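A short worksheet on the structure shown next.
The values are calculated or read from the model by the stated rules, or taken from the named source; none is laboratory data. The shown structure was predicted, so the numbers you read here are calculated from the model rather than taken from an experiment. In this analysis, Cβ positions are derived from the backbone assuming ideal geometry, glycine residues included, and neighbour counts consider all displayed protein chains.
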Amino acid sequence: MATRFDSANWISELGHAEGSFTALDRLIADEQAVLAHLDSAVAGQDYSAIVKFFRKRGISDAHAIHRRRMVVLAATLLEGAVGNFLRAMFEAKPDRLYEYVGSEPARGTVSIKLVVRSPSIDELLASLAETASTRVLHMKYTSMLDHLSALSKPYPNGLRAEIESLLQQRHRIVHEASSESVSSERVTSILASMRGLVQHLETAARSAGVPVYSVADHLLKLGQALQEK
């Protein structure tokens with residue numbers, strides 16, 4: 001079965017991430033709820049006021065760590081969605097594989113061994129699409145975004161800058177052990193940008209004739225299943 005761009009899955013993943021983050025964020029922002037929890041947790045303990053102070057600070061620190069991890073999660077979902085889009089695009093439009101298969105001076109060529117070992121042309125193209133998408137994803141993020149735009153369509157105003165900012169921040173957190181502050185508003189903004197990217201890729205896929213499984217497709221499938229019951 002040909003790879004399709006499963007935008008429904010990525011929108012669902014983002015919705016789940018935002019919903020769980022918002023629930024926790026609102027709980028921790030509820031000062032009375034936090035104090036009630038701490039009062040119950042330290043009741044009867046020696047030096048309860050001191051224990052309560054450090055536990056409250058621990059909750060605050062854990063919340064800050066969670067917000068940074070949401071940046072990493074968003075970037076991971078971004079890479080997953082982009083990889084899915086690229087594989088679907090390369091399988092549906094194999095002529096676009098040229099730049100990403102082989103290396104100079106044999107750019108665009110395929111080893112005869114790979115051809116002979118492949119059970120079918122479809123499986124050969126799927127293998128090449130996987131190799132090509134991996135090559136794009138492993139590029140420096142600015143180059144990756146350039147190639148993604150060339151393979152899809154120009155980004156809507158501001159979207160590329162938002163994605164670059166996300167990937168830069170993820171790099172600092174993961175590779176430089178940055179403990180920089182990430183606000184709840186920043187997390188919400190990042191997830192909104194990710195939804196914008198998924199919608200952008202869905203539109204590009206449809207325009208190029210690439211198979212898409214959208215939220216609308218998923219809802220239609222659910223409706224049909226319910227009618228059959």
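Tabulated results
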| read-out | value |
| --- | --- |
| Residue identified as in contact with a Gly (Cβ under 7 Å, 6 or more places away or on another chain) and of a type outside the set (D, E, K, R) among Leu166, Leu128, Leu159 | Leu159 |
| Checklist (1) in contact with a His (Cβ under 7 Å, 6 or more places away or on another chain); (2) farther than 29 Å from Val115 by Cβ; (3) not polar (S, T, N, Q) applied to Arg160, failing item | (1) |
| Answer from Glu180, Glu130, Glu202, Glu164 - the residue that is among the acidic types (Asp, Glu) and more than 28 Å from Thr3 (Cα to Cα) | Glu180 |
| Selection status of Val136, touching a residue at least 24 places away in the same chain (Cβ under 8 Å), among the β-branched types (Val, Ile, Thr) and under 18 Å from Ala81 (Cβ atoms) | yes |
| Residue selected from the range 98-117 under the condition within 17 Å of Thr134 (Cβ to Cβ) and among the β-branched types (Val, Ile, Thr), by the criterion farthest from the chain's Cα centre (by Cα) | Val110 |
| Members of the range 174-229 that are farther than 21 Å from Leu24 by Cα, within 21 Å of the chain's Cα centre (by Cα), aliphatic (A, V, I, L, M) and not in a loop (DSSP other than H, G, I, E, B) | Val174, Leu197, Val198, Leu201, Ala204, Ala205, Val212, Val215, Ala216 |
| Unmet criterion (only one of (1) within 28 Å of Arg195 (Cα to Cα); (2) touching a Ser or Thr at 6+ places or on another chain (Cβ under 8 Å)) for Leu14 | (2) |
| Complete set of residues in the range 1-49 that are assigned to a helix (DSSP H, G or I), closer than 21 Å to Pro211 by Cα and of a type in the set (Phe, Trp, Tyr) | Trp10 |
| The listed residue being without any contact (Cβ under 8 Å) to a residue 24 or more places away in the chain, surrounded by 13 or more Cβ atoms within 10 Å (Cβ to Cβ), among the small types (Gly, Ala, Ser) and under 28 Å from Val187 (Cβ atoms), out of Gly19, Gly15, Gly58 | Gly15 |
| Test: residue in the range 118-126 that is surrounded by fewer than 18 Cβ atoms within 10 Å (Cβ to Cβ), within 15 Å of the chain's Cα centre (by Cα) and not hydroxyl-bearing (Ser, Thr, Tyr) | no |
| Complete set of residues in the range 102-133 that are under 22 Å from Pro211 (Cα atoms) and either in contact (Cβ under 8 Å) with a residue 24 or more places away in the chain or out of contact with any helix residue (DSSP H, G or I) (no Cβ under 8 Å at 6 or more places or on another chain) (or both) | Ser120, Ile121, Asp122, Glu123, Leu125, Ala126, Leu128, Ala129, Glu130, Thr131, Ala132, Ser133 |
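Rundown of residues vs (1) touching an Asp or Glu at 6+ places or on another chain (Cβ under 7 Å); (2) modelled with pLDDT of 95 or more, yes/no style:
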{"residue": "Glu185", "(1), (2)": "no, yes"}
{"residue": "Val212", "(1), (2)": "yes, yes"}
{"residue": "Leu220", "(1), (2)": "no, no"}
{"residue": "Gly223", "(1), (2)": "no, no"}
